[in-house]
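Participant: One structure, pasted below without further comment.
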Amino acid sequence: MTSKELRQKYLDFFKSHGHTVIPSASLVPENDPTVLFTTAGMHPLVPYLLGEKHPGGARLANVQKCIRTGDIEEVGDISHHTFFEMLGNWSLGAPDANGIGAGYFKDEAIEWSWEFLTSPKWLGLDPHRLAVSVFAGDADSPRDEEAAKRWLDVSGRQLEGRIDYLPKNKNWWGPAGEAGPCGPDTETFYWVGDDTAPEKISQGDLADHPKWVEIWNNVFMQYNKNAGGGFEPLKQKNVDTGMGLERTLAVVNGLDDNYKTELFLPIVKKIEEISGKKYGESEEVTKAIRVIADHIKAAVFILGDDKAMAPSNTGQGYVLRRLIRRAVRYGKLNNLSASSHFFTADIGQVVIDMYKDVYAELEKNKNFILDNLTQEEEKFEKTIEKGMKEFEKLTKDKEISGEEAFVLFSTYGFPIELTKEIAAERGLTIDENSFRVAMEAHQELSRTASSGMFKGGLADAGEESKKYHTATHLLLAALRLVLRSSSEGGEVLGEEIYQKGSNITAERLRFDFNYPQKLTEEQIKKVEELVNKKIEEKIPVEMVEMPKEEALKLAKISFDPAKYGEVVKVYKIGGFSVELCGGPHVANTGELGHFKIAKEEASSAGVRRIKAVLE
Ligand code: SER
């Protein structure tokens, strides 16, 4: 079966059960600051799972492009990917006690899953190779005997002995962000061994078995996880299912490795051709080929998205950078690239050709994709050798400090995660504590505070950048005062000045803020004078931790409050500045030296940018 046939069969099956087929949403979520990428088909549908009416009705199905980087280090085995397509169907609101609701719940969801998986008309999988897991139950939600019984019924008891009751960490689908719709799920597993599948399983077998591969997840979304971590019943009962296209295609074709399916084979072939290595010739080479294939495919889809961005040091751009650089490094590590030849665009071209019929945006954005791949590879190529030498030097007789890890990043372009990974390969550790301190220095620059996401804004660390953090707070307070007193509208304009962006290195600060026009020379001079006065006053910088609610009354913030934790750090500089901030900061403004604005310019419409240095 080809991938095209599989996608089509899935959509046709659910169309025949009254589902409307909707297009894949962008990889970059709209209006959701809690995650960088669309991680599942349900993700763009959250408002509808919560009760909003979807124009397509109460039954929807689609194929959604997804990026998940949470287990990027697992990539290299047979079935983990950073980019994948998810086949999904949704019921938005099962009929309630009064029969209101055009969706469905467990009965139909399970019946249709069994039919689609095993009927010769659809996937025709061998029922003896299937097993299912259901939720084991806890204080939040009961043991799902209902789902177990339904599986036995619809399978004519063929699943007897192969139903596993698993706890919340396995059989519960939580929201992509911290709060949102969720519920117990039931998952379908396929035995990928050459041998006969076990007729009976022991409890817990499905939790983590290399031969039982999960292919489909049916989530019974009936709760909303609130910000306090409690579970409230949703006003409607929903179904959210997700089936991984790559895994399912492998299984349907009797393959034990996703990279042997047509969704990877042409990429693998191209890498073999460029490198002269053979997939399967050794574990290292196989892993490297898988990582390169996976990461470049993901990079192509990110760059090819209509809401794409180029590689950068923050947010989605940072993930993109990390993917490309990790692929390049795996190329080097295994001598996969001829040194005079940039290879990422060659592979990128293969990915575009494979997918352009299904995802037209890839062809449309082809030049952007290929140019960015090559540019990023070139940039990294320039420093990778030197960076590796520096790494060897740094780790000669000790573990690597957080500060040194930042030097590798800022000077040699090694994403922090890459440095950690190289260290781990050699049995070395990074001094996690100082590393974390260095990371925290950049937290306020981060575009996402979601746990498990990559923190953005990494630039440099140490004492110098600490000074610039504190100087940034002084600058914002000074801008508020100076622009307020000089604006004709009186207090209003000045009050409303807030941070639109901030970037700090060891050499300078860069600060973006909303203001409609160019600052006059006099205003710039006044801001400088005010900041320098506060430096000369040698004011202690105080930090207090307090509940977010309280902090929001004290300080103006420019980010969505939902991005902060429940307890936040507030930094106070005398009566002059109060800011919510991850820190760290210097202990006293007297440490800063002389503050000078080097440049004031437009950043975008209605936003000014100041670059300033401490001398
Ligand atoms: N949200 C669930 C998942 O991603 C089912 O779609 O696995």
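Participant: Using the basic label-point model (7 angstrom from Cα toward the beta carbon), what is the TYR498 to ARG426 distance in nanometres?
Facilitator: Each label point lies 7 Å from its Cα, and together they span 4.6 nm.
Participant: Here is a further query. Tell me, what is the FRET efficiency for LEU481 and LYS364 to the nearest 0.05, using R0 = 41 angstrom and their Cβ-Cβ distance as r?
Facilitator: 0.25
Participant: Quick check: the angle from helix 521-536's long axis to the longest principal axis of the chain, C-alpha only, nearest 10 degrees?
Facilitator: Relative to the chain, helix 521-536 is tipped by roughly 90 degrees.
Participant: Under the rule a/c < 1.5 gives rounded, and otherwise a/b versus b/c splits prolate from oblate, where does region 304-359 land using the Cα gyration tensor?
Facilitator: oblate
Participant: Another question, then. Working out 0.36 nm times the residue gap between HIS594 and GLU464, then minus their Cα-Cα distance, what length gain in nm do you get to one decimal?
Facilitator: Here the answer is 45.5 nm.
Participant: Let me ask something additional. Round to the nearest 0.05 the FRET efficiency obtained for HIS17 and ALA310 when R0 = 35 Å and r is the Cβ-Cβ distance.
Facilitator: The value I calculate is 0.25.
Participant: Past 22 Å, Cα to Cα: identify those pairs from LYS269/LYS386; LYS467/LYS599; LYS278/LYS382, in the order given.
Facilitator: From LYS269/LYS386; LYS467/LYS599; LYS278/LYS382, over 22 Å: LYS269/LYS386; LYS278/LYS382.
Participant: Need the full-extension length gain, THR520 to GLU52, defined as separation in residues times 0.36 nm minus the C-alpha distance. One decimal, nm.
Facilitator: 163.6 nm
Participant: Oh, and also: I need to check one value: relative contact order of the chain, counting alpha carbon pairs closer than 8 Å and at least 6 residues apart, in percent.
Facilitator: 10
Participant: I would also like to ask the following. One-quarter of the Cα convex hull surface for region 248-308, in nm²?
Facilitator: 4.8
Participant: Let me ask another. Could you line up VAL192, VAL46 from fewest to most neighbouring Cβ atoms inside 10 Å?
Facilitator: If I rank by nearby Cβ atoms, fewest first, I get VAL46, VAL192.
Participant: Please report the relative contact order for region 1-67, taking Cα pairs under 8 Å with a sequence separation of at least 6, and give it as a percent rounded to a whole number.
Facilitator: Answer for region 1-67 is 44 percent.
Participant: Something else about it: What is the diffusion coefficient of region 204-311 in µm²/s, taking the Kirkwood radius over Cα pairs and the Stokes-Einstein relation at 20 °C with a viscosity of 1.002 mPa s?
Facilitator: Calculated translational D: 123 µm²/s.
Participant: Using only Cα atoms, tell me the angle between helix 315-333 and the longest principal axis of the chain; keep it within 0 to 90° and round to the nearest 10.
Facilitator: The two axes meet at around 70 degrees.
Participant: Cα extents of the chain along the three principal axes, largest first, in whole Å?
Facilitator: Computed over the chain, the largest-to-smallest principal extents equal 82, 65, 46 Å.
Participant: Against the longest principal axis of the chain, how steep is helix 265-275, in degrees 0 to 90 to the nearest 10, with axes from Cα atoms?
Facilitator: 50
Participant: Assuming R0 = 30 Å, can you tell me the calculated FRET efficiency for the pair GLN203 and LYS4, based on Cβ-Cβ distance, to the nearest 0.05?
Facilitator: Efficiency at R0 = 30 Å is approximately 0.15.
Participant: Per residue and in cubic angstrom, what volume does the convex hull of the Cα atoms of region 103-166 have?
Facilitator: Hull volume normalised by residue count: 84 Å³.
Participant: Show me the ranking of peptides 273-280, 474-481 by mean Cβ neighbours inside 10 Å, starting with the highest.
Facilitator: In descending order of packing, they fall as 474-481, 273-280.
Participant: Can you compute the modelled spin-label distance between GLU529 and ALA179, with each label point 7 Å from Cα toward Cβ, in nm?
Facilitator: 4.7
Participant: When the Karplus curve 6.51 cos²θ - 1.76 cosθ + 1.60 is applied with θ = phi - 60°, which whole-Hz ³J(HN,Hα) does each residue of region 3-17 get, with x for Gly and Pro?
Facilitator: So the J values, rounded to whole Hz, are 5, 4, 5, 5, 4, 5, 4, 4, 5, 4, 4, 6, 4, 5, 10.
Participant: To continue, here is another question. Once you compute Rg and the Kirkwood Rh from C-alpha atoms, what is the Rg to Rh ratio for region 217-275?
Facilitator: In region 217-275, Rg relative to Rh is 1.33.
Participant: Shifting gears a bit: Would you please report the Å³ per residue occupied by the convex hull of the alpha carbon atoms in region 1-102?
Facilitator: 130
Participant: Once the other residues with Cβ under 10 Å from the Cβ of VAL28 are scored (Lys, Arg +1; Asp, Glu -1), what is the net sum?
Facilitator: -3
Participant: What spacing in nm lies between the two simple spin-label points modelled at LYS386 and ALA605, each 7 Å away from Cα in the Cβ direction?
Facilitator: The modelled label-to-label distance comes out at 4.1 nm.
Participant: Let me know the Rg and Dmax you get for region 102-217 when you use only its Cα atoms, in Å.
Facilitator: 14.2, 43
All of the numbers you see were taken from the coordinates with simple rules; none came from a lab. What you are looking at is a predicted structure, and each value in this text was computed from that prediction instead of being measured. Quick reminder, even Gly has a Cβ in these numbers, built from the backbone with ideal geometry, and neighbours come from all protein chains shown.
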